[in-house]
Amino acid sequence: MASKLEALERWVDEVAKLTRPSHIHWCDGSDDEYQALVQQMLQTGDLIELNQQTHPGCYLHRSNHADVARVEHLTFVCTQTEEDAGPNNHWMAPNEAHGKIDALFDGCMQGRTMYVIPYCMGPIDSPLARCGVEITDSPYVVANMRTMTRMGAAAQTRIEREGGFVKGLHSTGELDPERRFIMHFPEELSIKSYGSGYGGNALLGKKCHALRIASWQARSEGWLAEHMLIVGIENPQGETHYVAAAFPSACGKTNLAMLIPPEGYRQDGWKVWTIGDDICWMRPGSDGRLYAINPEAGFFGVAPGTSAATNANALASVSRDTIFTNVAVTADNQPWWEGLPGTPVTDWRGRPYDPANGPAAHPNSRFTVSAKQCPTWSPKAEDAQGVPISAIVFGGRRPSLVPLVLEARDWTHGVLLGAAMGSETTAAATGEVGVLRRDSMAMKPFCGYHYGDYFAHWQSFDQAGAHLPKIFHVNWFRKGRDGKFLWPGFGDNLRVLEWMIARIKGDAAGMETPIGIVPAPNELRTTGLNLDAATLGELLDVDHAGWQTELAAIGDYLHSFGKRLPKSLHVEQQRVASALAQAA
Ligand code: GTP
Ligand code: SPV
Ligand code: MN
């Protein structure tokens, strides 16, 4: 019998003919392999050793200074018809795309080693998990993929058993922004990425596979691939509710996934369990509930703002065996970023630190660390069946208008809340920061197909026999007249999650408004918080006139998806708009 690895071997041969490497290395994912890669990168300067007394096993990578974030304008979804990619994606015809990018790959690995990385997204024995193979010429990518995925021999065995896998071809190329493309071929289950060594552009298991390609597969197979954290909230009675939350890039997923309960809550026995911080794959179980896995095995987290006060669990996680990318360094060679105590002496580009050059750490500087190093890592993260989801939460950076928390009346209203999401842009992608844009379900950069079809897919889960999670919308980022955040955020976000769980259990009445249900007076626990009644009122206020304008804008936005938008969302938008008109 022909080995099912033949397809893989054939593809590796094809790629080698095109890129012409001098060596081919099949990654087994072992410690020895990792250590050898680290030694090699220390020699080439790809990695810089950090203080091994304070940070054993920690290294710094400085990427090219023009290659520090995802590049949405160079990211394409290449479906046969433009319509299938939708107005939410940049599109190129598959033939044209292959031609353009293969010309760049031609001979690009001469004199270099080509690494073949078999990986599994999700627990290796999970029916929800999916495998892929990334071919790359970047040892930095190999090292990161080892932390971020189940990489190596076990994944290769699963591929041999199943046959199918997602093909990802990557080269750092010349790191020339003029010769850079991130291309997706969902119909071929393949990805080609050239000219960037950075995060979501280069670690193809993450955004390219686990979101853009997986969302396409999920649609035809009846599941969901989402840009969501997964966190378990254990109450003093010992019940754990799992929450999946979609916030756009750099809008608080990692922080919520590993939050530390406020003091009073800790004393009462509240606990938090981390399952995932960026991506969630979920599907209905036989009981009608949605079950979720985290397809990743590590965190590629935003460094700036991570501190003992905001995210002590992340800080503890990165105290050893971590790769830092584009952070600053202190006099005694410790990693440093804005938000940490101490003083930087060298900035992210390796220059002597000078405030005139901007922040010492790049605003999108990151840490790569195994999820197992997180003090709140949940053993359930390895559960092949996934965890049952009690609540889905949407949210974004909205300096005004959007209240702290809102509950959807039903699934369709919840899908509308997700579709209507807006958020200020962040440093996670190149381009202007702080611009408000629609980012439906936090998937604007990651949905591998037409948003109209995607909303219809979300709607398709609302069936007889389904026991779907309640849907909420949150906004930790409302600002007062002084420009400061009104809500303390971070650990105190548990107060909002507590209210959600009370709603799920039928223990809180809530208060109806035209745009959804908000906490009734005194339902949000604020003991121990330095928050006056007026500020709380502002956080929960529903400005009817402002929302009428917002609903009109949402209507226009939905309209842009044309015939593929499910009618039910139009109807829902009109229902909310007329409820607002009546209340005015
Ligand atoms: P990606 O990895 O890009 O998908 O980002 P993310 O959604 O995981 O965001 P992350 O948790 O890393 O937070 C991004 C930034 O927002 C950090 O600088 C945090 O300190 C800050 N942040 C997170 N949660 C809160 C919050 O509740 N309130 C405020 N004010 N800032 C927050
Ligand atoms: C994001 O931008 O949402 C990230 C970082 O999680 S990256 O892997 O670069 O996509
Ligand atoms: Mn993300």
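The values are calculated or read from the model by the stated rules, or taken from the named source; none is laboratory data. The model shown is predicted, which means the values in this text are computed figures rather than measured ones. Quick reminder, even Gly has a Cβ in these numbers, built from the backbone with ideal geometry, and neighbours come from all protein chains shown. For the accessible areas, the whole protein counts, side chains as well, though only heavy atoms, and no ligand, DNA or RNA atoms are used. Shrake-Rupley method; radii C 1.70, N 1.55, O 1.52, S 1.80 Å.
Assorted remarks:
- Residue identified as over 13 Å from Pro335 (Cβ atoms) and assigned to a strand (DSSP E or B) among His25, His65: His25
- Listed conditions (1) open to solvent by 10 Å² or more (accessible area, probe 1.4 Å); (2) acidic (Asp, Glu); (3) touching a Cys at 6+ places or on another chain (Cβ under 9 Å) are all met by Asp137, apart from (1).
- Residue within the stretch 281-298 that is within 16 Å of ligand 3 (Cβ to nearest atom), touching a residue at least 40 places away in the same chain (Cβ under 8 Å) and of a type in the set (Ser, Thr, Tyr) present: no
- The listed residue being out of contact with any helix residue (DSSP H, G or I) (no Cβ under 9 Å at 6 or more places or on another chain), under 17 Å from Gln40 (Cβ atoms) and of a type in the set (Gly, Ala, Ser), out of Gly99, Gly111: Gly111
- Count of residues meeting criterion [without any contact (Cβ under 8 Å) to a residue 12 or more places away in the chain and either in contact with a His (Cβ under 9 Å, 6 or more places away or on another chain) or crowded, with 16+ Cβ neighbours inside 10 Å (or both)] in the stretch 41-66: 0
- Residue tally, condition open to solvent by 20 Å² or more (accessible area, probe 1.4 Å) and either assigned to a loop (DSSP other than H, G, I, E, B) or within 16 Å of ligand 3 (Cβ to nearest atom) (or both), over the stretch 173-200: 5
- Meets criteria (assigned by the TED database to the domain that holds Gly132 and at negative phi) for Ala202: yes
Conditions (1) touching a helix residue (DSSP H, G or I) at 6+ places or on another chain (Cβ under 8 Å); (2) among the charged types (D, E, K, R); (3) open to solvent by less than 40 Å² (accessible area, probe 1.4 Å); (4) away from ligand 2 (no atom under 16 Å from the Cβ), marked per residue:
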position	(1), (2), (3), (4)
Ser215	yes, no, yes, no
Glu221	no, yes, no, yes
Leu224	yes, no, yes, yes
Gly238	no, no, no, yes
Thr254	yes, no, yes, no
Gly269	no, no, yes, yes
Pro284	no, no, no, yes
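- Scope the stretch 169-207; condition within 19 Å of Trp11 (Cα to Cα), hydroxyl-bearing (Ser, Thr, Tyr) and out of contact with any helix residue (DSSP H, G or I) (no Cβ under 7 Å at 6 or more places or on another chain); matching residues: Ser190
- Leading residue by the ranking (nearest to Val133 (Cα to Cα)) among those in the stretch 172-191 that are charged (D, E, K, R) and touching a residue at least 12 places away in the same chain (Cβ under 8 Å): Glu188
- Subset of the stretch 201-211 that is in a helix (DSSP H, G or I) and open to solvent by less than 10 Å² (accessible area, probe 1.4 Å) - its residue that is farthest from ligand 2 (Cβ to nearest atom): His209
- In this entry, Ala408 is excluded by the filter for residues that are open to solvent by 10 Å² or more (accessible area, probe 1.4 Å), modelled with pLDDT of 95 or more and either under 21 Å from Arg495 (Cα atoms) or not assigned by the TED database to the domain that holds Asn89 (or both).
- Taken over the stretch 309-355, the criterion of being outside any strand (DSSP E or B), open to solvent by 30 Å² or more (accessible area, probe 1.4 Å) and β-branched (Val, Ile, Thr) is satisfied by Thr310, Thr343.
- Test: Leu169 is surrounded by 22 or more Cβ atoms within 10 Å (Cβ to Cβ) and either within 16 Å of ligand 3 (Cβ to nearest atom) or within 22 Å of Tyr115 (Cα to Cα) (or both): yes
- Matching residues in the stretch 320-357 - criterion: being within 16 Å of ligand 1 (Cβ to nearest atom) and either at positive phi or among the small types (Gly, Ala, Ser) (or both): Asn326, Ala328, Gly339
- Wholly within the stretch 224-308, strands (runs of 3 or more DSSP E) carrying at least 2 residues that are small (Gly, Ala, Ser): 240-246, 298-302
- Considering only residues in the stretch 289-308 that are out of contact with any Ser or Thr (no Cβ under 7 Å at 6 or more places or on another chain) and under 20 Å from Val68 (Cβ atoms), the one that is least open to solvent (accessible area, probe 1.4 Å) turns out to be Thr306.
- The stretch 435-454, subset out of contact with any helix residue (DSSP H, G or I) (no Cβ under 6 Å at 6 or more places or on another chain) and within 13 Å of ligand 1 (Cβ to nearest atom), residue most open to solvent (accessible area, probe 1.4 Å): Lys444
- Residues of the stretch 504-529 satisfying the condition of being on the phi > 0 side of the Ramachandran plot and in a loop (DSSP other than H, G, I, E, B): Gly506, Gly510, Asn522, Gly528
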